[in-house]
Each structure stands twice: as structure tokens, then as C-alpha cells.
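Before any comments, here is the structure.
The values are calculated or read from the model by the stated rules, or taken from the named source; none is laboratory data. Keep in mind it's a predicted model, so treat the numbers as computed, not measured. Every residue, glycine among them, receives a Cβ derived from its backbone with ideal geometry; neighbour counts consider all protein chains shown. Heavy atoms of the whole protein, side chains included, go into the accessibility calculation; ligands, DNA and RNA do not. Shrake-Rupley method; radii C 1.70, N 1.55, O 1.52, S 1.80 Å.
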Amino acid sequence: MIRSILTVSTGTLASRLLGFARDAMVAALLGAGPVADAFLVAFQLVNVIRRLLTEGALNAALIPAWLRIQTTRGAVAATAFAGRVLGTISVALIVATILIGFAMPLVIAMLAPGFVGQPTLQLAVENARLMLPYLAFAGPVTVMMGLLNAQQRFALTAFSPLLFNIALIAVMTLLLVWRQEPDTAAMAMAATVGVAGLLQLLMLILRKSGGNLATPLRLSLDGEMRGFFRKALPGMVANSGPQLLIVTGAIIASTTPAAVSWLYFANRLIELPLGIVGTAMGAVLVPALTRAVRSDDHAAIAQAESRGLELAIGLALPATLGLMILSHLIVQCLFQHGAFSASDTISTAGALIWLALGLPAQVLVKALSPAFFAREDTTTPLLATLIGLVIATISALVLNRPFGASGIAAAIALAAWGSAIFLIVRSAAAFGFSPDHDARRRLPIIVLSSLAMGGLLWLAAHIALPWTAQAHTLVRASLLGLLIVGGLAIYAALLTLTGAVRWAEVRGALKRSPAAG
């Protein structure tokens with residue numbers, strides 16, 4: 001499991017780092033004004049639908065169902081089932097793409113009510129329509145990636161999303177060289193989104209990855225398919241909780257100029273650790289727990305759940321502290337270029353601090369949900385997501401007027417904790433989940449080591465940051481890199497000295513694990 005999570009996390013890290021480069025270029029090209037708000041609302045619409053399908057979301061229903069059929073009825077039946085899923089989802093998304101394209105003015109008005117009556121609304125509609133073809137390609141890509149994960153072939157599914165960011169970065173590089181106006185640049189970037197989806201699909205087809213696991217392709221709405229989709233749709237919504245929370249925040253933020261952009265860029269920084277940990281949890285824990293549950297192996301279930309919880313807290317907590325302490329410097333180094341101003345940096349950094357408070361909760365949700373998905377229970381994680389959305393909506397409406405984007409970010413963090421607490425209570429009641437002996441020993445050490453690292457990092461930043469007020473960007477970036485590396489080194493040293501991590505055991509586990517490619 002360590003090796004598989006490492007494979008998925010490495011691919012996700014590479015994708016997120018390219019995403020930072022992409023977003024830095026978006027900030028430089030569009031700034032944080034009306035054009036940026038229009039583009040980012042359109043991009044969030046497509047991105048949320050993409051997340052509903054990809055990044056482990058469909059795994060919640062597809063992998064347990066596919067493994068159950070393979071175990072009980074054989075490989076031929078499992079392949080035929082996958083072919084019907086692939087054909088049905090592909091047709092459904094093509095139809096949905098056409099319908100959403102016609103209804104786009106209404107969709108954008110619902111997502112950004114503050115745009116109604118403003119030129120920004122038409123800009124967002126045009127951008128979103130150019131992006132929509134991506135959705136038609138996302139369906140087959142998602143099913144093929146889910147089948148590969150079910151076969152414990154994680155490498156290609158982890159690295160194929162890089163094509164999405166590579167295509168956008170290539171186009172934006174040309175736009176920066178040609179010095180295009182922001183509205184023209186936004187249109188070109190929106191059109192590239194659809195091309196990026198096609199590239200990802202072609203990569204999987206040319207490698208013949210997943211195709212032999214889903215044949216023949218066929219549209220089907222029989223009883224088995226209807227049962228599958230009754231479980232798949234709640235699971236897809238439940239697994240996209242973080243994206244739905246940020247969309248809820250953006251809807252309310254659309255009434256404040258530039259607030260959508262500030263929230264978007266702050267959330268992008270949250271998505272780095274969330275993607276590295278959360279996506280890996282979804283891709284690896286679901287098949288591991290499904291096999292353990294089907295074989296009624298209680299030791300394997302406890303082992304997988306406990307290690308997942310340790311990894312979630314051990315990676316999310318230090319990331320939270322680092323993002324809060326270094327928020328201004330991180331935003332300044334990544335985004336304060338071109339049209340993105342110093343005041344935009346202050347507002348984005350403020351939102352980042354509050355969003356970071358919810359990061360451990362969002363990762364806990366990603367770590368706890370697979371225990372329900374493995375038991376083919378997608379309703380409970382869905383309820384957790386819905387509870388979070390209700391909390392986010394009410395809290396954001398209350399906090400938006402006095403605190404703006406930072407208040408909405410605080411509401412999102414509060415909602416994430418509401419979802420996490422609900423899942424903790426439900427998991428204890430449903431199947432008596434409790435961390436094993438090793439986890440109970442290591443978790444307090446992990447928390448204390450994270451807090452100690454955070455204290456030392458705050459002290460170092462408090463001493464160093466005043467010297468960077470008028471420094472060159474390269475100097476700031478070097479200092480940021482030094483502080484991050486120093487914090488990681490301190491954290492690793494504390495975990496080693498306290499015995500929470502024995503690196504020889506980790507290396508041994510990696511060598512013993514089966515190949516994850």
C-alpha cells in the first residue's frame with residue numbers, strides 16, 4: 001500500500017506542481033479582475049464535473065462492483081460489465097455536454113449570481129462553452145483509469161493527468177510571448193481545455209490501457225446498470241466534497257469584485273497536499289479495503305484503515321501549519337506577477353490561512369470515506385458532503401459581509417470539519433472502526449512533532465521575512481524553498497528520534513510490495 005500510495009502521490013504532486021505553474025501564468029495573464037473571475041468561474045464548473053468523475057471519485061462505485069463481479073462471475077462477466085459502464089457513461093456525457101452548452105447562461109447565473117447584469121456573465125458563458133468538450137472525453141478516461149486502479153496498475157493513471165496542465169502551459173507560454181489582451185488570452189485558454197481532454201484520452205487508447213478490460217462497448221440501462229448508477233452518483237458527489245465547497249464559496253463570493261479569484265488561487269494551494277494525500281487515498285485504499293472486506297480479513301481491514309489515518313494526519317497537519325505560517329510569502333512568490341497586485345496577494349493569503357484550517361478535516365474525509373465505499377455504502381459519505389454544504393452555505397452568508405473572502409474561507413473550513421466529525425461518528429457506529437495499537441502509539445507523536453515543527457518554522461519565518469520586504473523575487477523564492485526544506489527536515493528528524501517512523505522498515509515495505517505500475 002505504501003508503494004502504491006507513493007506512486008499515486010508522486011504523479012499527483014507532479015500534476016499539482018504543473019498546476020501551480022499554470023495558475024501563476026493565469027494570474028500573470030488575467031490578474032484578479034472581471035476577466036479572471038469569468039474565466040475561473042467557467043473553469044471551476046468544468047473542473048468540478050471533472051473531479052466528480054476523475055481523481056478517484058468513480059472508484060467509489062466502479063472498483064467494488066467490478067471486483068465483486070470478477071470474483072463471483074468471472075473475468076468475462078467483469079469485462080462485459082465494464083464495457084457497458086464505459087459505453088453508457090460516454091453517451092450520457094456527450095448528451096449532457098450538449099444540453100449544458102445550450103443552458104450555459106442559466107448555469108453561470110446560478111454559479112455566479114453576482115455576474116447577472118454585468119459583462120462578466122457573457123465572458124464566463126463564452127469561456128465555459130469553449131471548455132465543455134472536455135467533459136465528453138472525461139467519461140471514457142475515467143472508466144479506463146478506474147479499471148486500471150482495480151488491477152493495481154496505478155502509474156499510468158497517476159501521471160496521465162499531467163497532459164491537462166502541459167497543454168495549458170504550452171498555450172499560455174505562447175500567449176505571454178505574443179502579449180495577448182486578457183479577454184483574448186482567456187478564450188484561447190478555454191479552448192485548450194477541450195484539447196487537453198482529448199490528449200489524455202488518446203494517451204490511454206494508444207497505450208491500450210483499460211480497453212481490454214471493458215469490451216464490448218455498449219449502452220445499457222438494465223437492472224444491473226441502474227443499480228450501479230444508484231451507488232455511483234452518490235459516491236461521485238461525496239468524493240467531490242472539497243470542490244463543491246469551494247464552488248459554494250464562489251457563488252457567494254461572486255457578489256464581491258475579485259473575491260472569486262482570491263478564493264480560487266488560495267484553494268489551489270490547498271489542493272497540493274489535499275491532492276497528494278486525498279487522491280492517493282481514493283485510488284489505493286478503496287481497492288485495498290474492498291479486497292479485505294470481501295475476504296472478511298479483519299486484520300487487513302484494521303491495517304489499511306489505520307495506516308491510511310496515519311498517513312492522512314502525518315501529511316496534512318504539517319502542511320496546514322506550513323501554509324498558514326508562510327501564506328503571504330507563498331502567494332507572493334507564486335502569483336504576484338504581471339496583473340496580480342500586492343493587494344491581491346494580501347487578500348489571497350488571508351483566505352489561504354482560513355482554508356488551511358480545514359485541510360486536516362478534508363484529508364480525514366478522504367481517509368475515512370473508503371471504508372464505506374469498500375462496503376458499497378456511498379450514501380453515508382454523501383450525507384457527510386451534504387452536511388458540509390449546508391454548513392458552508394449558512395456560514396458563508398453570515399461571514400461574507402463583515403469579512404469578505406476570508407470569511408467565506410473560514411466557512412469552508414468549518415464545513416469540512418462538520419463532514420469529518422460526521423464520518424468519524426458514523427464509522428465508529430457502523431463497523432466499530434478504531435485505530436490499531438501502532439496507530440494509537442504513533443498518532444500523538446505525529447501531532448506533537450507537527451506542532452514542534454510549526455513552532456520552529458514560525459520562529460524562523462518571523463526572523464527572516466522582514467528582510468524580504470523589498471527583496472528580489474528570486475531571493476524570496478530561495479528563502480521560501482529554504483524554509484520549506486528546513487521544516488520538512490525538522491519534521492522528519494522529530495519522527496525519527498521519537499521512533500514514530502523507522503526508515504529501514506519503510507524501505508523494506510517498499511521492496512516487499514508488489515509492483516504498482
*Of these, 67, 52, which one is open to solvent by 30 Å² or more (accessible area, probe 1.4 Å) and at pLDDT below 85?*
52
*Taking only the stretch 116-133 into account, find how many residues are open to solvent by less than 10 Å² (accessible area, probe 1.4 Å) and part of a helix (DSSP H, G or I).*
5
*Considering each of 494, 510 in turn, give the residue that is modelled with pLDDT of 90 or more, closer than 23 Å to residue 313 by Cα and in contact with a helix residue (DSSP H, G or I) (Cβ under 8 Å, 6 or more places away or on another chain).*
494
*Could you say whether any residue in the stretch 72-81 is open to solvent by 40 Å² or more (accessible area, probe 1.4 Å) and outside any helix (DSSP H, G or I)?*
no
*Across the stretch 285-322, which residue is nearest to residue 368 (Cα to Cα) among those that are of a type in the set (S, T, N, Q) and surrounded by fewer than 20 Cβ atoms within 10 Å (Cβ to Cβ)?*
303
_If I ask for residues that are at pLDDT 90 or above and aromatic (Phe, Trp, Tyr), which ones from the stretch 96-136 would you list?_
102
_Selection count, the stretch 208-225, where residues are at pLDDT below 65, surrounded by 12 or more Cβ atoms within 10 Å (Cβ to Cβ) and under 17 Å from residue 138 (Cα atoms)_ = 4
*Which pairs have Cβ atoms under 9 Å, sit 6 or more apart or on different chains, and link a residue in the stretch 183-203 that is part of a helix (DSSP H, G or I) to one that is open to solvent by less than 30 Å² (accessible area, probe 1.4 Å) and basic (Lys, Arg)?*
197/50
*Six or more apart or on different chains, Cβ under 6 Å: which pairs go from a residue in the stretch 167-178 that's farther than 11 Å from residue 21 by Cα to one that's polar (S, T, N, Q) and assigned to a helix (DSSP H, G or I)? Could you list them?*
167/192; 171/192
*Got at least one residue in the stretch 157-164 being under 22 Å from residue 339 (Cβ atoms), surrounded by 18 or more Cβ atoms within 10 Å (Cβ to Cβ) and touching a Leu at 6+ places or on another chain (Cβ under 9 Å)?*
no
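Could you grab me the full set of residues in the stretch 72-116 that are charged (D, E, K, R) and touching a Leu at 6+ places or on another chain (Cβ under 8 Å)? So that I can check it myself, show each step before the final result.
The first filter runs over the stretch 72-116 and keeps only residues charged (D, E, K, R), leaving 73, 84.
Scanning the stretch 72-116 gives a single hit, 84.
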_Criterion: in contact (Cβ under 8 Å) with a residue 12 or more places away in the chain and either touching a strand residue (DSSP E or B) at 6+ places or on another chain (Cβ under 6 Å) or open to solvent by less than 10 Å² (accessible area, probe 1.4 Å) (or both) - qualifying residue of 270, 330, 325_ = 270
*What do you reckon, is residue 192 at pLDDT 75 or above, open to solvent by less than 20 Å² (accessible area, probe 1.4 Å), farther than 26 Å from residue 370 by Cα and of a type in the set (S, T, N, Q)?*
yes
*asked:* Please go through the stretch 365-404 and give me each residue that is open to solvent by 60 Å² or more (accessible area, probe 1.4 Å) and either modelled with pLDDT under 85 or basic (Lys, Arg) (or both), ordered by number.
replied: 375, 401
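Looking at 484, 445, 490, can you tell me which residue is aliphatic (A, V, I, L, M), open to solvent by 30 Å² or more (accessible area, probe 1.4 Å) and closer than 30 Å to residue 373 by Cα? First the steps, then the outcome.
Values: 484 fails: closer than 30 Å to residue 373 by Cα; 490 fails: closer than 30 Å to residue 373 by Cα.
The conditions single out 445.
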